[in-house]
Each structure stands twice: as C-alpha cells, then as structure tokens.
Amino acid sequence: MKITKIICSPGMTGFFFDDQRAIKAGAVMEGNIYKGSPVTEGFRSVRQKGESVSIMLILEDGQIAYGDCAAVQYSGAGGRDPLFLAQDFIPVIKREIVPLLENKEITTFREMAEMVDKHTDSVSKKPMHTAIRYGITQAVLDAVAKSSKRLMTEVIADEYGLKVSDHAIPIFSQSGDERYQNSDKMILKHSDVLPHALINNVADKLGGSGEKLAEYVKWLRDRILSVRMDENYSPVLHIDVYGTLGIAFNNDFTHIADYMCRLAEYAKPFKLRIEGPVDMGERQMQIKALASLREMVEAKGSDVEIVADEWCNTYEDVADFTDKRAGHMAQIKTPDLGGINNTIEAVLYCKKHGMGAYLGGTCNETDRSAAVCVHIAMATVPEQMLAKPGMGVDEGYMIVYNEMQRILSLMKGV
C-alpha cells in the first residue's frame, strides 16, 4: 500500500513554551503569565502558547494515518532544538517530507522511521528539527499499523522482538504550579507516581536552603496517608527540581547529596525520586555530576533515586548517561529524541543495562502524540510513563490511562 498524499495542519499543544533560562534568572509569575524579558533565542515572551503541527498521511485505500509534531516546554534549553513554531516549520515539512514519502510504498516501521529520522534538511544541511522527526515517525507507525491491520503497539512488538505487556504501565502525573490542589487529584485517581511539582525557582519554590521543598514533601506524605481510600495505595514521589539544588547549594555535591537523603527520609513510607538536581550547563559535566551524586547517596545507604533529564536528550545521550551510571533513571523525553524509533531503542537500552527507563515527554505535547507513546510503552514496558499533555492532571491522565486500557482489552479480546 502507498502513501498517496501528505497534509499538514497547525495545532495547539496542551501547555506552553517557557523560557527556562529566564525563569531560573528570576522571571516573576503573575497568574499564568511570567513578567520579565525572554533570554533564549526565538522567544517573544517568557511564556507563549505551545504550537504543534498535525501530520496526516492519506493511504491508498483512503485510510488516514496521524502523527503530531511537538516540542518540549523548555525548548532551546539544556542542549535542545530551538522553538518550534507552526508557521516556520510547515513549509519545511512540505519541502522535505512530501518528496520523501508521498507516493512511496509502505514497508516496515523501522525502515521508514530510520529514513525519516536520518534525513538531512536540503537547505540547512542539518538533521530536521526533532519535533518534525517526532511527528512524522508517529504517522509512519500508524500507517504501517493501518496497512497491516494491527495495533501500533503490535507493530512495535513484532518488529523489535517484544511482547505487548499484559499489565498497565505505572503512570506519572504532573501538577504544574498547583502542586497542592493537583496532588489531591492524583491521590483520588491513584496515580502510580506523583506529583512532579515543578520546582523551577529557588526563591519561591525550593527555598534558599531547601526548606520550602522539604515542607512540601512532608505535607505530601501526610496528605497521602490521611486521604487515601486504600491503605495499599503507595505511590512513588517523583519531584523535578530543574537544577535548583545546584543553584541553591552552589553545586556543593556533598551538601546536595545530604539534602536529597533528608528528603527521602521525610518522604517515608513512600519512595522518593529527584529529577534534575543540578544543571551543569554541559553534557559531560552533567554526566559526571549525576554519577557522583548517585555514588554519594548510595554510599549513605539512602534509597533516594536520581533522575537524569537536562542534557540527556538524544538516544546517544541516554546510552551515555546509562553507561556512566549518571543517575538511577533516565527520562526519555520523547520529542527531544526525534524519531520515535529512537525512543523505543532508548527504553530498551536502559532496561538492558540496568538504568530505570522513564518514558517521559512534555506537558507541551498533544493528545495524539501521548496516545502513540502509550503504544510504545505497552510494547517496551518502561518503569513508568508520563501522563501528558498539560499540567491539569485530569486530561493527561485520562488520555494515557484510557489508551492503555483500550490496548489491554483489545489484546485480551474482552
């Protein structure tokens, strides 16, 4: 079967693009708006609307395969590709992807995804923006599935020698700035991992000596214990601190390790994960920092886990962080890896080499990209998957949970 036509449409994401560097530098939040001037190239304001591009592949038999191009909330930061704006990149897709795929025979996902992911832009002579590769390979996976009358997760399992999971993958919900009210939503829904908490500012959220986050962890522990309706409900606490521990403690690793160990004690009886404790501003320094911090907390006998995020963007990055034991878990931030074939390979590499695989992404994705990621998760079985898009809990959790349950029911035939 052939792809007869490719159609693009501009879209909105489930959240915003935020200038992380400006926020870390002290941009003040007023309502949903950040006051201050942007500092990252391409941003017109510290916060601006998230944009996507929907890709529709019209198949020879009239079926339509879908994928959404989307980029992370903090685009342009931590070594990532620049801001992804629909008006800028739809012409690129038409120039590069239409000749590549239109009127071409559908073969295998792996073959077609690799062709798209490795395609060099004819003008810039560089790889295409990660968001483009992300969305096109989603659509390619759907095209292969539809042309062969299989679920997308079955295509992945078949081509990579895997077995579709017979159980749900733990779902990680993120709260945004409503870290108190939204935690209640997560507890009511029995989120497996919570709450993310968006600790991206020292003064307002972490505290100069970490006191504000410490109080929040204690509150969260007590809140779960006091309102949970099932005493067997025992979520993992996973908090993203966006490198603010390094800022507050001047990258004193001993101090940072001691602090994380204290937080883990405050969190008990629940397990604690800390994502992005430091941001060293460069890949190799980041790897060395997380490897040192992992060694330190383990030497102290703590069960706190460190999650790699910043500077762990590509498949090669994930493999390198894994090989160097730079953290206990790697967030595989799906849009940053470009083609979803790289996401699949990254999850499998982590699992093979003893690193926790967190199939992540961003609040700034779409319902479509989130649903496709569920199919990846059910075939590759990571340790956890992000509920996305958005920061409101309900919508992202619903999209991911419901798609997961559909797959489970369809595979069981009931």
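The values are calculated or read from the model by the stated rules, or taken from the named source; none is laboratory data. Note that the structure is predicted; figures quoted are calculated from it, not measured. Cβ sites come from the backbone with ideal geometry, for glycine too, and all protein chains shown count toward neighbours.
Modelled with pLDDT under 95, in the same structural domain as Gln286 (by TED's automatic domain parsing) and part of a helix (DSSP H, G or I), is that true of Ala203?
yes
Being among the small types (Gly, Ala, Ser) and exposed (fewer than 15 other Cβ atoms within 10 Å of the Cβ) is the filter here; which residues of the stretch 226-267 pass it?
Ser226, Ser234
Could you tell me how many of the residues in the stretch 223-250 are of a type outside the set (Ser, Thr, Tyr) and not in a loop (DSSP other than H, G, I, E, B)? Outline the logic, then answer.
The initial filter retains those residues of the stretch 223-250 that are of a type outside the set (Ser, Thr, Tyr), namely 223-225, 227-232, 235-241, 243, 245-250.
Among the residues that remain, those that are also not in a loop (DSSP other than H, G, I, E, B) are: 223-225, 227, 236-240, 245-248.
Count: 13.
Looking at the stretch 397-404, can you tell me whether even one residue there is under 15 Å from the mean Cα position of the chain (by Cα), under 18 Å from Ile156 (Cβ atoms) and in a helix (DSSP H, G or I)?
yes
Any idea which of (1) modelled with pLDDT of 95 or more; (2) exposed (fewer than 15 other Cβ atoms within 10 Å of the Cβ) is the one Ile6 doesn't satisfy?
Unmet for Ile6, out of (1) modelled with pLDDT of 95 or more; (2) exposed (fewer than 15 other Cβ atoms within 10 Å of the Cβ): (2).
Every residue in the stretch 64-83 that is modelled with pLDDT of 95 or more and not acidic (Asp, Glu), please.
Ile64, Ala65, Tyr66, Gly67, Cys69, Ala70, Ala71
So that you can scan it fast, the table gives a plain yes or no per residue for (1) closer than 29 Å to Gly14 by Cα; (2) of a type in the set (Asp, Glu):
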{"residue": "Val278", "(1), (2)": "yes, no"}
{"residue": "Ala289", "(1), (2)": "no, no"}
{"residue": "Ser302", "(1), (2)": "no, no"}
{"residue": "Glu310", "(1), (2)": "yes, yes"}
{"residue": "Ala326", "(1), (2)": "no, no"}
{"residue": "Leu348", "(1), (2)": "yes, no"}
{"residue": "Lys351", "(1), (2)": "no, no"}
{"residue": "Ala357", "(1), (2)": "yes, no"}
{"residue": "Arg368", "(1), (2)": "yes, no"}
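Would you mind telling me which numbered condition in (1) under 19 Å from Asp177 (Cβ atoms); (2) surrounded by fewer than 23 Cβ atoms within 10 Å (Cβ to Cβ); (3) touching a helix residue (DSSP H, G or I) at 6+ places or on another chain (Cβ under 7 Å) Gln48 fails?
Here Gln48 meets the rest and fails (3).
Yes/no matrix, rows are residues, columns are (1) in contact with a Lys or Arg (Cβ under 9 Å, 6 or more places away or on another chain); (2) within 18 Å of Pro389 (Cβ to Cβ):
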residue	(1), (2)
Ser175	yes, yes
Asn182	no, yes
Lys189	no, yes
Asp192	no, no
His196	yes, yes
Gly207	no, no
Glu215	no, no
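Please tell me if Glu96 is farther than 27 Å from Gln20 by Cα, surrounded by fewer than 16 Cβ atoms within 10 Å (Cβ to Cβ) and not assigned by TED's automatic domain parsing to the domain that holds Met280.
No: the conditions fail for Glu96.
Of all residues being in contact with a helix residue (DSSP H, G or I) (Cβ under 7 Å, 6 or more places away or on another chain) and acidic (Asp, Glu) in the stretch 106-124, which is farthest from Arg95 (Cα to Cα)? Just the residue, please.
So, considering only residues that are in contact with a helix residue (DSSP H, G or I) (Cβ under 7 Å, 6 or more places away or on another chain) and acidic (Asp, Glu), the one farthest from Arg95 (Cα to Cα) is Glu114.
Yes or no: Lys35 basic (Lys, Arg), more than 22 Å from the chain's Cα centre (by Cα) and at pLDDT below 95? Can you show your working first?
Numbers: basic (Lys, Arg): yes; more than 22 Å from the chain's Cα centre (by Cα): yes; at pLDDT below 95: yes.
So Lys35 passes the test.
Restricting the stretch 17-32 to residues that are modelled with pLDDT under 95 and within 23 Å of the chain's Cα centre (by Cα), which is surrounded by the fewest Cβ atoms within 10 Å (Cβ to Cβ)?
So the residue we want is Asn32.
If you check Ser183 against the conditions, is it surrounded by 18 or more Cβ atoms within 10 Å (Cβ to Cβ) and part of a helix (DSSP H, G or I)?
In short, yes.
Looking at Ser191, Ser209, Ser226 in this structure, which one is within 26 Å of Ala299 (Cα to Cα), assigned by TED's automatic domain parsing to the domain that holds Met385 and among the small types (Gly, Ala, Ser)?
That would be Ser209, the only listed residue that is within 26 Å of Ala299 (Cα to Cα), assigned by TED's automatic domain parsing to the domain that holds Met385 and among the small types (Gly, Ala, Ser).
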